[in-house]
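Each reported figure results from applying straightforward, stated rules to the coordinates on display, with no laboratory input. Keep in mind that what you see is a predicted model, and the values were worked out from it rather than measured. With ideal geometry, Cβ positions are generated from the backbone for all residues, glycine too; neighbour counts draw on all protein chains shown.
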């Protein structure tokens, strides 16, 4: 079993066991930080083409993008998330799929949103996922990644399953190696929360 497949199985099983709880606590756009909503809205409005919300979880960000008029689909490893999202947002497209093999034509996407959906991918798996995203995007397509800021590849005990910290310079290097150019980044610290960071990059 490859590192990526093993990692995905661990993530899927951990979230499946707590999907209802997770959706109840973090599955509504109104529960999201206003700064995050603005960040994703601004990014999406600059995207030309279809968007994939990769690792969409409860599906609220996918629905947010659909309501802004975007052609968007949410994918996730966890069948329980997809079933719930499809019931809660019946006007939005969702399907069970792996980010490493999302079954999309190469170069067919205009944008990929990976908002905290890559935090569980370890240092061996993350470059594989970035390469898969690059293949799916057309040249000039955009990627927005949200993650926890910290020492590169350092694991920490996330509430659901083990996750990893990354610095902006460290993640920028991985993105550049995968064929991206970073165009914007942000980092902030909020009381009682782990440091947050995001990177916007384009496929070159």
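Miscellaneous remarks
- Residue ranges 195-202, 81-88 sort as 195-202, 81-88 when ordered by packing (mean number of other C-beta atoms within 10 Å per residue, highest first).
- The range 139-158 and the range 60-88: distance between their alpha carbon centers, rounded to Å: 21
- The range 89-111 and the range 184-204 have their alpha-carbon centroids 24 Å apart.
- The range 1-143: C-alpha gyration tensor shape, a/c 1.5 cut-off, then a/b vs b/c: oblate
- Taking a point 7 Å from the Cα of residue 91 along the Cα-to-Cβ direction, the residues of the range 48-63 with backbone N closer than 18 Å to it are 51, 59-63.
- Between residue 108 and residue 83, the FRET efficiency estimated from the beta carbon spacing at R0 = 25 angstrom works out to 0.45.
- DSSP-defined beta bridges in the chain - what % are antiparallel, rounded to 5: 50
- Rel. contact order, % - alpha carbon contacts under 8 angstrom, at least six apart, the range 67-175: 22
- Per residue, the chain reaches -10500 deg cm²/dmol at 222 nm when only DSSP H runs of four or more residues are counted, each adding -39500 (n - 2.57).
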